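Scroll down for the structure; my scribbles are underneath it.
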Amino acid sequence: MANERYNAPEREKHWQKVWADAGIFAASNDYSKPKCYVLEMFPYPSGRIHMGHVRNYTMGDVLARYKRARGFNVLHPMGWDAFGMPAENAAMERRTHPGIWTYDNIGTMKAQLKSMGLSLDWSREFATCDVNYYRHQQKLFLDFLDKGLIYRKSSKVNWDPVDQTVLANEQVIDGHGWRSGAPVEQRELTQWFFKITAFADDLLNALDTLENWPEKVRTMQANWIGKSHGLLIRWALVNAPDGESELKVYTTRPDTLFGASFVAIAADHPLAKAAARNNPELAAFCEECRRAGTSVADLETAEKKGFDTGIIARHPFDSSWKLPVYVANFVLMDYGTGAIFGCPAGDQRDLDFARRYELPVIPVVAPPDADPATFAIGREAYTADGVMINSQFLDGMDTETAFETVANRLSEQQLGGTPVGTRTINFRLRDWGISRQRYWGCPIPVIHCEDCGVVPVCDADLPVVLPDDVTFDNTGNPLDRHPTWARVDCPQCGKPARRETDTMDTFVDSSWYFARFTSPHADTPTDIQAADYWLPVDQYIGGIEHAILHLLYSRFYARAMAEAGHLPPDMKEPFSALFTQGMVVHECYFQKTEDGKPIWLEPEKVHIEGEGGNRVATLVETGDPVCIGDIIKMSKSKKNIVDPDDIIASYGADCARWFMLSDSPPERDVIWTEAGVAGASRFIQRIWRLIGIVLEKGCEHSAQKPDTLCDEALALRRVAHKTVHQVGQNIEDLRFNVSVAQLYEFVNAVQSAASQEASQKGSGLDWAIREAAELLIQMIGPMMPHLAEECWARLGYNTLLAEHPWPALEEELLVDDTITIAVQVNGKRRGELTIATSASRSEIETAALKLEGISRVLEGKMPKKVIVVPQRIVNIVV
RNA sequence: GCGGGCGUGGUGGAAUUGGUAGACACGCCAGAUUUAGGUUCUGGUGUCGCAAGGCGUGGGGGUUCAAGUCCCUCCGCCCGCACCA
């Protein structure tokens with residue numbers, strides 16, 4: 001028996017069935033138990049799972065299994081982020097329905113996830129395209145609308161004229177639609193918006209409370225929210241069209257007001273539009289501005305250009321000081337007021353602009369160490385703080401004082417009966433436009449009536465169900481083309497009216513799924529008691545690519561849901577800890593065509609020999625040479641993909657899981673290699689053999705702990721219990737790679753103890769080896785659950801390891817009687833000292849000075865100083 | 001430009017948060033066993049040196065009894081945002 005290999009694929013299926021039949025991974029509704037909610041970002045059902053999923057879900061599963069063993073009531077659910085454009089595109093290509101494609105994929109991927117042996121509570125599974133999910137999303141929409149958290153406005157959108165749909169900014173590539181390739185147009189459309197800006201300050205401030213989030217994500221969100229303190233200044237205008245008398249300008253640098261040499265407005269600014277009506281040249285310039293500037297490359301190379309409108313602005317502190325008003329291509333309509341005052345000395349863009357149009361450059365802030373009399377601006381603006389110069393009553397002040405002084409003066413100064421300057425806080429964050437002209441999304445539950453306007457669908461009429469009889473043989477939104485679906489009577493006046501045919505952005509679906517998992521079958525969106533118990537998510541795990549959108553939207557949703565009574569009132573942050581895992585990367589292989597273009601090759605088609613820089617790749621079939629490319633993220637286009645199914649079928653899920661946890665720290669990219677998988681597989685067989693050896697030793701499952709233990713036995717117990725302690729701690733800290741290393745080390749220790757022939761009866765070594773083996777199996781349980789379960793049974797247990805508590809530590813074994821520490825002379829290691837752990841400083845010092853190697857180095861010299869850090873180190877200074 | 005991160009053997013990476021640098025794994029070398037099939041076992045493996053011993057965590061400088069870890073500075077790489085007034 002012991003010589004047989006462990007047949008992972010076969011035994012894994014067995015244990016998966018046993019777990020499923022026992023139903024042990026369903027979260028309990030016993031709210032008196034301590035809870036732990038472990039969640040990995042749910043997948044989009046694109047077709048098949050990939051190695052990124054394997055890594056993500058393995059990490060979550062290790063934590064879930066570990067927490068369960070530690071006595072927590074664990075919620076570890078899974079679902080599907082199932083609405084979205086790919087399903088519609090697939091429907092168009094395959095002449096099928098998006099729902100059929102989506103649910104097919106879910107079926108496939110669910111089977112794949114099950115083959116990984118994840119401890120998921122499948123009883124809570126849902127897809128966001130299930131009516132029973134999106135009906136509640138519609139209810140949330142209506143309640144948010146009622147609370148004033150949703151509004152409708154006309155806004156500019158990216159419009160793909162071929163696909164007849166709105167595109168998100170991410171879907172516009174170099175000014176062209178990512179799918180159709182058509183030049184994207186800007187269109188004014190009336191859209192629904194979520195008032196995320198109402199929470200801007202809270203979303204920013206609360207970032208400080210998210211201690212268990214990566215610093216990077218918090219910074220990215222803070223930058224995205226983009227809070228700034230400034231002053232709104234009203235400039236009096238002369239010669240403006242339509243008798244316009246003033247222009248509002250937002251600035252964060254009112255201190256530089258005396259350095260102003262022009263005013264600039266965005267091409268879309270109402271004043272610009274008004275001025276352009278009687279000025280074809282200006283109109284053409286504005287049009288040019290609108291067209292440019294979609295791609296990153298454009299922005300980098302774009303020169304600062306402007307057009308003098310002929311309008312004059314009067315300086316707030318001196319009405320005789322007249323500044324030209326330009327339309328400028330670098331002023332954005334949707335930030336601040338769409339208008340700036342240009343201070344060339346203090347802003348690089350303004351300086352570039354001023355040099356081009358030969359406008360004055362007046363230095364107003366001098367560096368603290370510069371001579372104010374001679375300080376001048378050359379090619380670079382001075383943007384840092386300093387001392388005010390050339391600024392009348394501000395001269396000599398520091399930047400901050402000057403800011404305050406200007407703000408105070410302008411708030412007292414009047415223009416047309418109201419203050420010229422108002423202190424303002426400005427955010428970069430925009431409200432979230434959620435209208436999409438697509439079919440495969442959650443219908444927005446409102447009705448448009450000619451008489452009553454926008455009328456919300458009554459609660460009783462929910463859900464607004466997507467019609468199944470739609471066609472995808474044309475572009476645009478199939479809901480618009482449906483003959484009857486949109487026709488409905490107005491709930492208020494009863495006259496014929498029309499349903500909203502836009503659907504919600506799919507980011508809405510994923511903004512509250514974590515809350516729905518806490519009561520997936522409730523008749524209301526959430527069950528407050530369940531939500532109160534389970535939320536927040538204790539550990540959320542997913543990719544960094546969601547650092548802003550998904551994670552910010554979810555934080556907004558938690559607040560909005562609390563306000564609408566769907567979450568406990570004090571619930572704000574949905575995810576108390578966030579972990580962003582690295583990608584799975586793989587070498588890519590290619591051959592070159594005659595014109596030098598690469599033809600990418602699947603890894604299994606390539607054979608590699610040699611090592612390091614001498615590696616040679618050839619085509620398996622023909623032996624033709626193959627080029628080895630970079631190590632990059634697994635992707636279909638580069639074909640550097642390894643299919644999880646293939647690995648699980650030949651090596652088993654435990655092997656894939658173990659490899660994913662080994663070596664690379666979880667936040668860093670992991671390189672998938674054949675050698676690494678083989679190593680993991682060898683380790684599985686090694687554990688299997690080790691258990692065989694332990695069983696042969698003959699120590700019974702039920703054997704009592706002997707009264708006396710030999711030194712070897714005691715030493716093994718010490719190692720075992722220390723390892724249990726450390727592996728547990730490292731799992732909690734998500735340092736899986738370190739846990740893995742400790743387990744390797746432990747297996748080495750157990751194996752070497754087990755191979756000792758000297759273990760006589762009565763020494764207790766047999767018993768200690770048996771204990772160590774059982775502890776080993778319990779420790780690998782969260783990581784390689786099938787192998788562990790199999791070994792657990794082999795060791796004589798007829799209970800499930802998956803239900804077994806984490807081993808209890810014997811604290812006294814964590815501390816050794818003796819310890820070996822380094823002895824340094826002048827900071828260089830010259831010897832080692834093994835001494836009682838409890839030894840005093842003077843005992844350690846005496847023993848260290850007596851060491852042979854030390855006295856030789858000292859050559860009789862008297863030490864000047866001896867530093868003793870008990871249990872750490874001795875350093876003798878001569 | 002702004003922000004975040006990283007730099008340790010041939011490779012992935014450890015290092016109790018200032019205390020024996022290179023744990024563990026991969027790879028490689030030598031030997032043993034078996035030699036059909038991702039074998040197994042033993043030993044070695046930072047570097048220079050026959051050795052004693054030097055030198056070693058991107059470079060340089062500093063603090064300290066002691067620095068991979070802290071400070072300054074320079075270099076290199078990766079990621080995110082980007083005309084944000």
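A few comments on the model shown:
- Looking across the range A:811-863, the residues that are closer than 28 Å to A:L714 by Cα, of a type outside the set (S, T, N, Q) and open to solvent by 60 Å² or more (accessible area, probe 1.4 Å) come down to A:E811, A:E812, A:V815, A:D817, A:E832, A:R841, A:E843.
- Those helices (runs of 4 or more DSSP H) of the range A:782-878 in which at least 3 residues are under 30 Å from A:G698 (Cα atoms) and more than 12 Å from RNA strand B (Cβ to nearest atom), considering only elements entirely within it, cover A:785-794.
- Residue within the range A:751-764 that is open to solvent by less than 40 Å² (accessible area, probe 1.4 Å) and within 12 Å of RNA strand B (Cβ to nearest atom) present: yes
- Residue that is nearest to A:I691 (Cα to Cα), among those in the range A:5-43 that are modelled with pLDDT under 95 and among the hydroxyl-bearing types (S, T, Y): A:Y6
- Close contacts from the range A:93-110, counting a first residue that is β-branched (V, I, T) and a second that is open to solvent by 50 Å² or more (accessible area, probe 1.4 Å) and modelled with pLDDT under 95, with Cβ to Cβ under 8 Å and a gap of 6+ residues or different chains, come to A:T108/A:R48.
- Any hit, the range A:414-425, residues being open to solvent by 40 Å² or more (accessible area, probe 1.4 Å) and assigned to a loop (DSSP other than H, G, I, E, B): yes
- A:R356 meets the conditions (1) over 21 Å from A:Y250 (Cβ atoms); (2) surrounded by 20 or more Cβ atoms within 10 Å (Cβ to Cβ); (3) charged (D, E, K, R) in every case but one. The failed one is (2).
- Unmet criterion (only one of (1) more than 16 Å from RNA strand B (Cβ to nearest atom); (2) among the polar types (S, T, N, Q); (3) free of Cβ contacts under 8 Å to residues at least 12 places away in the same chain; (4) assigned to a helix (DSSP H, G or I)) for A:Q778: (3)
- Condition check for A:A272: within 11 Å of RNA strand B (Cβ to nearest atom) and either among the polar types (S, T, N, Q) or surrounded by 19 or more Cβ atoms within 10 Å (Cβ to Cβ) (or both): no
- The range A:354-383: number of residues that are at pLDDT 90 or above and either polar (S, T, N, Q) or within 13 Å of RNA strand B (Cβ to nearest atom) (or both): 1
- Residue that is modelled with the highest pLDDT, among those in the range A:699-725 that are open to solvent by 80 Å² or more (accessible area, probe 1.4 Å) and either in a helix (DSSP H, G or I) or within 16 Å of RNA strand B (Cβ to nearest atom) (or both): A:H725
- Selection from the range A:519-552 of residues that are open to solvent by 60 Å² or more (accessible area, probe 1.4 Å) and within 16 Å of RNA strand B (Cβ to nearest atom): A:I544, A:E545
- Among the strands (runs of 3 or more DSSP E) confined to the range A:534-628, the ones with at least 3 residues that are closer than 30 Å to A:F736 by Cβ are located at A:539-543, A:578-581, A:584-592.
- Any hit, the range A:304-319, residues being within 9 Å of RNA strand B (Cβ to nearest atom) and out of contact with any Lys or Arg (no Cβ under 7 Å at 6 or more places or on another chain): yes
- Residue match in the range A:727-740 (condition: open to solvent by 60 Å² or more (accessible area, probe 1.4 Å), of a type in the set (K, R) and within 16 Å of RNA strand B (Cβ to nearest atom)): yes
- Residue among A:N239, A:N205 that alone is under 22 Å from the mean Cα position of the chain (by Cα) and either in contact (Cβ under 8 Å) with a residue 40 or more places away in the chain or more than 16 Å from RNA strand B (Cβ to nearest atom) (or both): A:N205
- Residue among A:K216, A:K227 that is closer than 30 Å to A:P316 by Cβ and within 14 Å of RNA strand B (Cβ to nearest atom): A:K227
- Hey, A:A222 open to solvent by 60 Å² or more (accessible area, probe 1.4 Å) and within 17 Å of A:R428 (Cβ to Cβ) or not: no
The values are calculated or read from the model by the stated rules, or taken from the named source; none is laboratory data. A quick note: this is a predicted structure, and the numbers were derived from the prediction, not measured. Here the Cβ is made from the backbone with ideal geometry for all residues, glycine too, and neighbour counts use every protein chain on show. Heavy atoms of the whole protein, side chains included, go into the accessibility calculation; ligands, DNA and RNA do not. Shrake-Rupley method; radii C 1.70, N 1.55, O 1.52, S 1.80 Å.
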